[in-house]
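*Asks:* Below you'll find the structure I mean.
The values are calculated or read from the model by the stated rules, or taken from the named source; none is laboratory data. Worth saying up front: this structure is predicted, and the values here are computed from it rather than measured. As a convention, Cβ positions derive from the backbone with ideal geometry for all residues, glycine included, and neighbour counts pool all protein chains shown. Please note that ligands, DNA and RNA were not included when accessible areas were found on the heavy atoms of the full protein model with its side chains. Shrake-Rupley method; radii C 1.70, N 1.55, O 1.52, S 1.80 Å.
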Amino acid sequence: MLRRKVVLYNPRCVFWTMPLSLVAIGSALDRDRYDVVIVDGRLESDPTAALLRRIDTDTVCIGITVLTGAPIRDALAATRAVRAAHPELPIVWGGWHPSLFPAECLDEEGVTATVSGQGEDTFRELVACFEEGRDLDGLRGCTHRRAGGGVAAEPKRELRALDSFPSHDYGLIDVDRYFAAKGRRQLDYISSQGCRFRCTFCADPYVYERGWTGISAARMGEELEGLWRRHHFDDLNFQDETYFTHRQRVAGVCEEILRRGLRFTWAATMRADQGVRLDDREWALCKRSGLRRAMVGVESGSQAMMDWLQKDIRLEQVFETAELMVRHGIAGIFPFIVGFPDEPDESVEATLAVIKRLRRMSPDFEVSVYFYQPYPGSPIADLVWRRGYPKPRTLDEWATFDYVGSRGSWVTDQKWQRVQRFKFYQHHAFGRSRHVAALPLRWLARARVTADLYGVPIEKMIVERLRPERALS
């Protein structure tokens, strides 16, 4: 049987996470029927030319994963180039932005259909329809153009158990090229989809409707062993939204790693309330199996602000989890967000105080601090847009949306300056020194953080002149 080709494209962006969403939908296709090709724009000197080279007369369709922000620009360039070269070839967008704006993405004339949420089943059925020349009416999980004109939004598709899908085929990507780009043999792996929680700044509750599904511990053990023996990675980075959702599964995976003699470190995401539910035996088990770092989303140092964000955790749980991490020698990253609409100055100061407390707890603790920007699909974003804050209206405008390095118009210059200076000095004040030459800056930074004095930031200006910050979005 002649296999038809399905070409998948990952747009350029600033991070080097492996394109697991494309690996997932490619692995779910019938490999006896389709030849799946993944083109990653980040790995190509001329992404559009590389994509066009992989398309031929046997290609059924193109699939593009699209994240809100700068990656949209490259997705648009790829879409327009393919449409110009192949006017009749179906082009499907999936990923976060099409899940949030499925119909609006069809404003781009080259896009045939969009996929919302979990995409494996929807994309598989789309490919079959394109190959067989059938229309898309009634195909759940997609929004598409009607043959006679107009757009049809089909009903959502329920979240399907991940154990019912085929294992991800990492043979679809050149794993060693990602190792080289990262500068280490770190493998990305996703063991679950969705999130059970209701944070009002996050799009997860909208996309997955607070559903969650995870791969079983036994299957993960088998998959990880095969990947480890094949690719010889020394670190595993779980890309789950909330890896520690089920403590029994976490313990089971640790036991599988140890039983199989797998030797690598790993890192994963965790909520503070999940951390306190792990007992010392379970923390020790995680450490023995290789856990090197947990990312614990805190968001705010103000309990009142946490409650407004509907985080459903207590600050005491943050510090208790941090203490458990210190006890078991596990590093941590603690993300925070400041500059929410109507956030009082006292809330921001409480956040800075919590950051200093956490940094003093361990040299292996780091924090990241971002200013809030209305990421679509969340209640707070809807609130600020109702108040008249400008919302991008076109895909080209969404391509300029910076949700990492910018701030809302309600954040004063004074508050922005204070937080930016604090971020710099707390970063250099704590942690492990690797170079003697860095010690003077550490001493100065620690003195500033201790005294809360950030005026005339000469050290910051010198360092940023010599080593400009890398863009994060």
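*Asks:* Hey, can you tell me all the residues within segment 241-259 that are basic (Lys, Arg), surrounded by fewer than 18 Cβ atoms within 10 Å (Cβ to Cβ) and touching a helix residue (DSSP H, G or I) at 6+ places or on another chain (Cβ under 7 Å)?
*Replies:* Result: Arg247, single match.
*Asks:* Among the residues of segment 41-66, write down those that are more than 23 Å from Gly141 (Cα to Cα), in contact with a helix residue (DSSP H, G or I) (Cβ under 8 Å, 6 or more places away or on another chain) and not basic (Lys, Arg).
*Replies:* Gly41, Leu43, Glu44, Pro47, Thr48, Ala50, Leu51, Leu52, Ile55
*Asks:* Could you say which residue among Gly138, Gly94 is open to solvent by 10 Å² or more (accessible area, probe 1.4 Å) and farther than 15 Å from Tyr9 by Cβ?
*Replies:* Checking each option against the conditions leaves just Gly138.
*Asks:* Another question about this same structure. Which condition number does Ile337 fail, the rest of (1) without any contact (Cβ under 8 Å) to a residue 60 or more places away in the chain; (2) open to solvent by 10 Å² or more (accessible area, probe 1.4 Å) being met?
*Replies:* All conditions are met except number (1).
*Asks:* Taking segment 390-403, which residues are farther than 21 Å from Pro205 by Cβ and either assigned to a loop (DSSP other than H, G, I, E, B) or among the acidic types (Asp, Glu) (or both)?
*Replies:* Pro390, Pro392, Arg393, Thr394, Asp396, Glu397, Ala399, Thr400, Asp402
*Asks:* For residues that are over 19 Å from Met361 (Cα atoms), among the small types (Gly, Ala, Ser) and over 32 Å from the mean Cα position of the chain (by Cα), scanning just segment 434-456, find the one that is most open to solvent (accessible area, probe 1.4 Å).
*Replies:* Ala437
*Asks:* Looking at (1) touching a Pro at 6+ places or on another chain (Cβ under 9 Å); (2) over 28 Å from Val151 (Cβ atoms); (3) of a type in the set (Lys, Arg), which one does Arg53 not meet, given that it meets all the others?
*Replies:* Failed condition: (1).
*Asks:* Please determine whether any residue of segment 17-39 is surrounded by fewer than 22 Cβ atoms within 10 Å (Cβ to Cβ) and more than 30 Å from Asp163 (Cα to Cα).
*Replies:* no
*Asks:* Hey, can you tell me all the residues within segment 282-304 that are open to solvent by 10 Å² or more (accessible area, probe 1.4 Å), in contact (Cβ under 8 Å) with a residue 40 or more places away in the chain and in a helix (DSSP H, G or I)?
*Replies:* If the condition is that a residue be open to solvent by 10 Å² or more (accessible area, probe 1.4 Å), in contact (Cβ under 8 Å) with a residue 40 or more places away in the chain and in a helix (DSSP H, G or I), then Ala284, Lys287, Ala304 are the ones that fit.
*Asks:* Give all pairs with beta carbons closer than 6 Å in which a residue from segment 46-72 that is closer than 16 Å to Glu108 by Cβ and assigned to a helix (DSSP H, G or I) meets a residue that is open to solvent by 40 Å² or more (accessible area, probe 1.4 Å) and of a type in the set (Val, Ile, Thr); count only pairs at least 6 apart in sequence or on separate chains.
*Replies:* none
*Asks:* Of a type in the set (S, T, N, Q), buried (at least 20 other Cβ atoms within 10 Å of the Cβ), touching a residue at least 40 places away in the same chain (Cβ under 8 Å) and touching a helix residue (DSSP H, G or I) at 6+ places or on another chain (Cβ under 8 Å): does that describe Thr321?
*Replies:* yes
*Asks:* Might you let me know whether segment 416-433 holds any residue that is open to solvent by 50 Å² or more (accessible area, probe 1.4 Å), in a loop (DSSP other than H, G, I, E, B) and either under 25 Å from Lys460 (Cβ atoms) or touching a Ser or Thr at 6+ places or on another chain (Cβ under 8 Å) (or both)?
*Replies:* For segment 416-433, residues open to solvent by 50 Å² or more (accessible area, probe 1.4 Å), in a loop (DSSP other than H, G, I, E, B) and either under 25 Å from Lys460 (Cβ atoms) or touching a Ser or Thr at 6+ places or on another chain (Cβ under 8 Å) (or both): present.
*Asks:* Being open to solvent by 10 Å² or more (accessible area, probe 1.4 Å) and within 21 Å of His144 (Cβ to Cβ) is the filter here, so list the residues in segment 68-83 that pass it.
*Replies:* Result: Arg80, Arg83.
*Asks:* Moving on to the next point. Taking into account only those residues within segment 99-113 that are open to solvent by 10 Å² or more (accessible area, probe 1.4 Å) and among the aliphatic types (A, V, I, L, M), which is nearest to Thr65 (Cα to Cα)?
*Replies:* Selected residue: Leu100.
*Asks:* Within the group Asp307, Asp345, Asp312, which residue is on the phi > 0 side of the Ramachandran plot and open to solvent by 20 Å² or more (accessible area, probe 1.4 Å)?
*Replies:* So the residue among Asp307, Asp345, Asp312 that is on the phi > 0 side of the Ramachandran plot and open to solvent by 20 Å² or more (accessible area, probe 1.4 Å) is Asp312.
For every residue, the table says whether it meets (1) within 21 Å of Lys356 (Cβ to Cβ); (2) modelled with pLDDT of 90 or more; (3) of a type in the set (Asp, Glu).
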{"position": "Phe430", "(1), (2), (3)": "yes, yes, no"}
{"position": "Ser433", "(1), (2), (3)": "yes, no, no"}
{"position": "Val436", "(1), (2), (3)": "no, no, no"}
{"position": "Arg442", "(1), (2), (3)": "yes, yes, no"}
{"position": "Ala447", "(1), (2), (3)": "yes, yes, no"}
{"position": "Pro457", "(1), (2), (3)": "yes, yes, no"}
{"position": "Leu466", "(1), (2), (3)": "no, no, no"}
{"position": "Ser473", "(1), (2), (3)": "no, no, no"}
